[in-house]
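A short worksheet on the structure shown next.
The values are calculated or read from the model by the stated rules, or taken from the named source; none is laboratory data. Small disclaimer: the values here were computed from a predicted structure and weren't measured. Cβ: placed from backbone, ideal geometry, glycine included. Neighbour counts: every protein chain shown.
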Amino acid sequence: MRPRIKYLLAGLLFTVPAIAQETPPEPIITESTVTTKQDTTLKSPPASAISPTINTSNSDLCTFGVAGAVQTQILGVSTGTQITDDNCEMLKNAKTLYDMGMKVAAVSVMCQDQRVFDAMMNAGTPCPKDGLIGDEAKAAWEVAAQKEPEEKFLELDTDEKTWLGAGGVVLLTLLLLL
């Protein structure tokens, strides 16, 4: 054999076993312990007492809405109601009667208010009485002076007074708890 081939075969003979004996690298193993602690505190406001919406947007109604709410950290209360305006109803009734051509009846409705009654008497045009107008009505009113209308105040029945009193006690208690 030629010397080159001899060296080549010898080189192959020695390198093949060296390649075959190569071992893969050993894996690196590390141990670690991780401890995590997480606390989450959620702070949110208490639920709100929201007063109800009372719709009185129609201008032809003689009512208005009243609503309110009280909220503490423990308890919330809300309420609402509608109140009828008697003076508004009287004016609408008088206007309707007048529009229908019933002028004396319209004046009679207006005279149910003590202020209007006094103004009519002071002006020398007394309110109608039992179908009488003018001087005849004035004489009839003088005879029956005790039947003059009295000034009306807001009068509540027993149930309304009870509910208002209970509501006041509840609100006072809530205010004291704050």
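Quick notes on this one:
- Checking each residue in the range 144-167 for being in a loop (DSSP other than H, G, I, E, B) and either loosely packed, with under 10 Cβ neighbours inside 10 Å or at pLDDT below 75 (or both) picks out E148, P149, E150, E151, K152, F153, L154, E155, L156, D157.
- Output for the range 106-125, where each listed residue is farther than 16 Å from A144 by Cα and surrounded by fewer than 16 Cβ atoms within 10 Å (Cβ to Cβ): R115, A119, N122, A123, G124, T125
- Scanning the range 91-116 for residues that are assigned to a helix (DSSP H, G or I), in contact with a helix residue (DSSP H, G or I) (Cβ under 6 Å, 6 or more places away or on another chain) and either within 20 Å of W141 (Cβ to Cβ) or not hydrophobic (A, V, I, L, M, F, W, C) (or both) yields N93, A94, Y98, A105, A106, V109, M110, V116.
- Residue within the range 35-57 that is modelled with pLDDT of 75 or more, at negative phi, assigned to a loop (DSSP other than H, G, I, E, B) and among the aliphatic types (A, V, I, L, M) present: no
- Test: residue in the range 71-83 that is surrounded by 15 or more Cβ atoms within 10 Å (Cβ to Cβ) and closer than 25 Å to W141 by Cα: no
- Residue match in the range 71-85 (condition: hydrophobic (A, V, I, L, M, F, W, C), part of a loop (DSSP other than H, G, I, E, B), closer than 30 Å to L176 by Cα and modelled with pLDDT of 70 or more): yes
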